[in-house]
Each structure stands twice: as structure tokens, then as C-alpha cells.
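Single-structure report; data block below.
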Amino acid sequence: MAETVLVSTGLAEPAAPATTDREQVRTIGDRARSALVELIRRPGLTLALLVLAVALLAALAPSLLAPGDPYAAAPADRLQAPGAGHPFGTDQLGRDLYTRVVHGSALSLSAAGLAVVFGLAVGSLLGLLGGFVGGLVDAALMRVVDVLLAVPGILLSLAMITALGFGTVNVAIAVGAGSIASCARIMRSQVLSVRTSDVVEAAVAGGATRLRVLLRHVLPASAAPVLVLAALDLGGAVLAVSSLSFLGFGVQPPTPEWGALVAEGRDYLSSAWWLTAMPGLVVVATVLAANHVARSLDPEARPS
Amino acid sequence: MARYLAARLLQAVGVLWAAFTVTFAVLYALPGDAVAMLLGPNGENDLTPEQLQAVREQHGLDRPLPEQYLDRLAGLVRGDLGTSYVDGRPVRDLLAEVLPHTLQIAGLGLLLGLLTGATVAVVATWTRVAWLGRLLTALPPLGVAVPSFWLGLMLLQLFSFALPVFPAMGNQGWRSLVLPAVTLAVPAAATVAQLLNKGLESALRQPYVETARAKGAGRTRVHLRHALRNGSLPTVTLAGLMVGGVLGGAVVTETVFSRAGLGRLTVAAVASRDVPTVLGVVVLAATVYVLVNLAVDLVYPLLDPRVVGAVRRRATARGDASAFTPSALREGATHG
């Protein structure tokens, strides 16, 4: 991303450092090789990417990882501890917990993804508008953003759910509303710094309309930090979605979803520990992996 | 100083008003008929349209939205948060009843989180034992990734069922406080440790640390007296967010431990779509946030004398010296 910016400002700054020039002429094969070296040198990142890949595979093609039926009850096998036949054990109806967790990842991850996309879209739009238009519009938008920060995310989500009703899509929108504020702020500060750059001034001088300048020049140059923020938000969104599902505002049983599975297992806490422990561990692994990958995208990112 | 105080106070009132307005807009202006859904979970109910209308009139929902808004706002100024749809009691009384229970676990959790987080960060940056430092820097990301509801259930599993040390539920005695407080403390500690780690690392690179070392101060003294004092400033500016985080965490924690409190009240209100109670909880949380930030802004000049100087200079010269005010730092720290 940094290179694209450099290329677009290259006209104004012909004296780019020599190392960047060399990087620009690297072939795809070179890049693949250095990416591979990077992965071998950072086993933590490799592991995190692997975990995310498995989670994604589980969401897209659950039958590949768990061919069984997540709803198939087998009363004879009820409440069995994790073992050879059932790696995560079975629940009170004898359903295989591993199969249910794998089939639950589609809902959990798509809700988290929808939340991030919603927050990113609305937040970027607000930030873009405020930063580009300025004046009263900017002041008003930024006050709204201040307020969104003043209310704890989960309470904001709960207020949205009260208004919208229950269900996975509503939970996703409610969670996404929580990340509008930070996206809007970053987008705005990016736009403010790009707005006065040479590219934009050249485009304005060349007679481009405001909308064209906004979409063709300001938006692409501002996107990188916002996308990094979105990656950072993904882990938090998985957590928030599963929390709201755990509270019972997402899918209704028997549909498998990570938070809902933990809530179902709660009644058997004293007798069948695996029913709560296993889905929770999967959430922890996914969130850890997502956060790790996001942080390595941007060494400057602040953990929060 | 008076100017600084007045500006902060005005800002606090403004944020509170805006929080109320945004929440009102979300709750009242979004599609969905609260009364219809209140009386039947899926919109269906046995009431005649006339009866529905009577309920609407009783809560003033038949009037135009701006009128309802002004009415509610006037009530808020008087300290009246409306009446619950569900049991018809004033929302203020409902909140006042459960607030002490939540404050107990939130206060204990926050204290525990601050102490643990600060200890982890200080030891992680101070130690020369490589594996210990690596372990302590790896802990906060883990703490952030663990869902509170799951952590609470695992603690229950271990300390109430496997080893019966603490009671599994309820509000009786100090023993019932421990597990909920620990559950709230873990994410708080992780946040504090991450922020403080960053603050300490950048403070240790500052020239005054070099100076202190050159004057012969010991390693521990430099770490605690010089670096910690300055490195903790960014963490202090985020106290409001942290208190808000603990209040939000109470929603999940109180559900897990079946404790009466603000969080459980909220969950019940959302489940029964009791709009006035939800609005009341959000306004209360925003008030806490605003008050904590106000307190930070007032204490801050004592910790960092540059703040008042910056405000004074700005008043005369309109320079760009306000970068050290807590709100400016907060803005920087919440970016991401």
C-alpha cells in the first residue's frame, strides 16, 4: 500500500530513496520467495494464519472438516467426554460437539465479518464526508463520534438490538455500530492529511470535480490505515458477536453458533465441562490468531 | 485554570446531552413498534387495536417524536428517566436499586485489573530474564482474546464445582464477589498492561532517563521513579474507557454468575424490549464515562503541568500548544 502512495506522488517527489526503486521492480517470484522466508522466520504468524485458514475453511465448507450432521442426536452417546470417536465430546442429546462447532463457524464468522464491513462502510463514509466537506458538517459528525465512544460498546449494541429485534443479522449490525467511531476518526484524519497533498491539488487544478477527486484520489490514498483497523476489529467482532449470542440475542437453539453453544452447555457445567470449554477455546484461538495477523500487518497499530 | 475548568465542564454536559440524543434516536426512531413487540414477542398478541392504542397513550407514544424527545429531555434534567414498560416503576428507582451490587464487583474488578496490569507491565519492561519478559508481554494479547462469558464459566467450573472454594451464584458475602471481580479484572488488566507497556517503553527511551542514569540512579529507581511516572500518563487518560469497559463487562459477568445488578437488569430489559430502562442504563453509563473523564481532566494538570500552561498559551497566542491536554492524548490513543 505504501508503494502505491509513493507511485502516485512520484511526480511531485522525483528523489525517491533508491531502495524503494529496487523494491518496485521486484518480480512476483521474488515477492513469493521473500514472503515464504518471512513466514519461516515468524512461526507465530504462520500458526496464526493457519488457524485463520482452518476457521475460514470450516465456515465455507464445513462438511470437509466434519462430514457428520450437526443435528443428528444419538441418545445412547449422550454427554460423552472428549475421546477417540468424539474429539470434543457429545452434548446432552448425543450430538457430536466437534461437528456442531465446525458447522457453527459459518454463522459466527459471517456475523463478525458483516459487523466489520458495516462499521467500516458507515465509519469511512462519515470520516470521508467530515474530512472532505469540513466546517459545520465535520463538527457535527465528530461530536456524534465522540458520543459513540462515550457509551461502552456492548451497551450500544444492546440498545441497537432493543430497537432492531433479535437475530444474527441484527447482532452483526449492532456490533458493527460499535466500530463506526474509530473508523470515522481514522478515515477523517487520513483525508485531512491527503486533502492538501500534491496529487489532490494537481487534480483540482486539472479541473476534476469534487466527487471525482474524492473517489479517485482521496479515498484510495486514505484506505490503508482504515483497512488495518478493520483487520484489528475482526477479533473484537468475533468476541462481541459470540457474547451477544451467549446472552441469547443471536441465533436460537438448536442452530449451532459458538456463543450459543457455550450458552447451551452452561446447564451442564458441573457434569460436562467440555460443552462450555471446547467452543470457548475455539473462540479464543480464532480471536488470538486474528489479532496477531492484524498486528503484524501494521507494526504501528496500538493494541486496544 | 478557571477557563480550563469551565471548558471541560461544558464539554461534559455536551457529551451527556448528545449521548442521550443519539440513544433516543436509536431506540425511538428506528423501525419497529416497541409496544406491539412488548406485548407479544413476535408482534402477535391478543390485544385489540384499541387496547394497543391505550397502552401507547399511557406511555405517551402516540405523540409526535420531537414532542416525546423534548419531554424526555426535560425529564432527564430533573433526574427523571421515565417509567419501565414492564413493571411500571420509575427507571431511576430500578437503577438505584441494583447499582450498588454492580459497583461492588466493578470497583473490585477495576482495582484488581489495575494492580495486575501495572505489575505485569512494570515487571515485563524491568526484568532481564528473557523468558519472563517474553511470557509477560504475551499475556495481555491472550487476556484480550478470551471472551468474558467463557472465562467466568471456566472459573465457576474450577473454583465452584471442581474445588468448592467460592459460591457459584448470588449476591451474599464477600466470597460471592471474588469470581465476578476476577472475570471483570482480566480484560481490564490486559488493556492496562498493553497501554502501560507502550508508555514505559517510550519513556525509557527519553533523554531524562539517560540523565537520571548518568547521575547515578539505580535501575529500579529509574524505572519506578522516572519512567513509570511519565509512562503511565497515557493510561490515565483512558480511565474513562476502562471504567466503561468494566460496566459493559458487568452485562456478561452478572449473567454468568446469576448476580443481581445493572448488567442483569439490562439483559432483562433488552429481552423484554423495555425501551425506557435501556435508555436509562445507557445514560447512566455515559454519565459515569463523562464524570471519570472530568475527574481525569481535573487531576491531569497536577500530573502534567504542561496542560494548564498549554491552555493559557492557547488563550493568548492561539498556538498549537494544546497537544498535551488529556482529551488530545485520548484522541490519539483511541485511534486504533
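The values are calculated or read from the model by the stated rules, or taken from the named source; none is laboratory data. Because the structure is predicted, anything quoted here is derived from the model rather than measured. Every residue, glycine among them, receives a Cβ derived from its backbone with ideal geometry; neighbour counts consider all protein chains shown. Just the protein is used for accessible areas: all its heavy atoms, side chains included, with ligands, DNA and RNA removed. Shrake-Rupley method; radii C 1.70, N 1.55, O 1.52, S 1.80 Å.
Taking the 1.4 Å solvent-accessible surface of the protein assembly as shown as the whole, the part contributed by carbon and sulfur is 66%. Taking the longest Cα principal axis of chain A as reference, the axis of helix A:219-246 is set at about 20 degrees. Given R₀ = 22 Å, FRET efficiency for residue A:224-residue B:130 by Cβ-Cβ distance, to 0.05? Efficiency, from the Cβ-Cβ distance: 0.05.
Per residue, the convex hull spanned by the Cα atoms of the stretch B:92-303 measures out at 137 cubic angstrom. Only alpha carbons enter this Debye calculation for the stretch B:116-231, each as an equal point scatterer, and the log10 of I(q)/I(0) it gives at q = 0.18 Å⁻¹ is -0.90. Alpha-carbon geometry of chain A: the Rg and the Dmax are 23.2, 77 Å, given in that order. Using bins of 10 Å that start at zero, the share of Cα-Cα pairs per bin across the protein assembly as shown amounts to 3, 14, 23, 26, 20, 10, 3, 0, 0, in whole %. Note on residue A:56 and residue B:221: with the Förster distance fixed at 60 Å, the Cβ-Cβ geometry gives a FRET efficiency of about 0.75.
Mean per-residue shielding of peptide B:191-200 is 1, counting Cβ atoms of other chains within 10 Å of each Cβ. With the cut-off at under 15 Å, measuring from each backbone N in the stretch A:274-297 to a point 7 Å along the Cα-to-Cβ line of residue A:42 picks out A:289-297.
Of the peptides A:46-54, A:244-252, the order by per-residue mean of other Cβ atoms within 10 Å, starting with the highest, comes out as A:244-252, A:46-54. Counting only DSSP H runs of at least 4 residues, each contributing -39500 (n - 2.57), and dividing by the residue count of chain A, the helix-based mean residue ellipticity at 222 nm comes to -22500 deg cm²/dmol. Structure remark: mean-square fluctuation, Gaussian network model of chain A, C-alpha springs under 10 Å; the largest value among A:292, A:103, A:217 belongs to A:217. Between amide H atoms placed 1.01 Å from N, distances below 5 Å from residue B:83 occur with B:91, all of them 5 or more places distant or on a separate chain. When chain A is treated as a GNM with alpha-carbon contacts under 10 Å, the residue of A:206, A:89, A:167 showing the greatest mean-square fluctuation is A:206. Using the Cβ-Cβ distance between residue A:78 and residue A:49 with R0 = 35 Å, the FRET efficiency computed as 1/(1 + (r/R0)^6) comes to roughly 0.40.
Using a probe of 1.4 angstrom and keeping all protein chains present, the accessible surface of the protein assembly as shown works out to 47 square angstrom per residue. For chain A, modelled as a GNM whose springs connect Cα atoms under 10 angstrom apart, the maximal fluctuation among A:29, A:235, A:178 occurs at A:29. Computed on protein heavy atoms with a 1.4 Å probe, what is the summed buried accessible area for the chain pair B and A, in Å² to the nearest 100? Separately minus together, B and A give about 4400 Å² buried. Semi-axes of the stretch A:149-290's equivalent ellipsoid from the Cα gyration tensor, sqrt of 5 times each eigenvalue, largest first, rounded to whole Å? They are 42, 16, 11 Å, listed from largest to smallest.
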